[in-house]
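This report concerns only the one structure given below.
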Amino acid sequence: MRRVIPLRHSRKGTSTLEFALMLPLVMLFFIGIIQYSFFFFMDQSLQTFVTYAARSAVIEAQAAAQTGASAPFSSSPSQVTNLGTLLQVTPALDPNQLTLNISEQADYPGKGITTITVTGTYPWKLPLPPSGGTLSQTTTMSFAS
């Protein structure tokens, strides 16, 4: 006759049970890493776009100062002079959702030093909650006109 092993001493299926208990935690960890990485990617893309937009605004302002005209700054991303080049640098950003605020200030009147500040905001949403919000980046550049 065959001897019956009590269930409380059986170790069959222990690995499967441990795997089943740990898999959701490991998946949650990896999904968190992916979402966090996507957030930083979007934030860095916005920073790059704002920096290039500020550089473009400075170049336009210097050219306008040399000709004696006023620089035509635009807060609409679609009207930035080098938008095609900027969007090639940051293809992840949708220009329809991007908001730019470009301001010019004469820091030292009479000395010819001008500061241009560009602030960009961009809404972001990730597939899994909790996610979403608004990214904001600011770049300030000064130049002698």
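Between THR138, THR134, which is of a type in the set (Val, Ile, Thr), modelled with pLDDT of 70 or more, outside any loop (DSSP other than H, G, I, E, B) and surrounded by 12 or more Cβ atoms within 10 Å (Cβ to Cβ)?
THR138
Output the residue which, of all residues in the stretch 36-53 that are in contact (Cβ under 8 Å) with a residue 60 or more places away in the chain and surrounded by fewer than 16 Cβ atoms within 10 Å (Cβ to Cβ), is farthest from THR138 (Cα to Cα). The selected residue is PHE38. Within the set THR51, THR81, THR85, the sole residue that is in a helix (DSSP H, G or I), closer than 27 Å to ALA144 by Cα, β-branched (Val, Ile, Thr) and modelled with pLDDT under 80 turns out to be THR85.
The listed residues are LEU100, LEU93, and the only one of them that is at pLDDT 80 or above, assigned to a loop (DSSP other than H, G, I, E, B) and of a type in the set (A, V, I, L, M, F, W, C) turns out to be LEU93.
The values are calculated or read from the model by the stated rules, or taken from the named source; none is laboratory data. From a predicted model like this one, the values you see are computed outputs, not experimental measurements. Backbone-built Cβ (ideal geometry, glycine too); neighbour counts: all protein chains shown.
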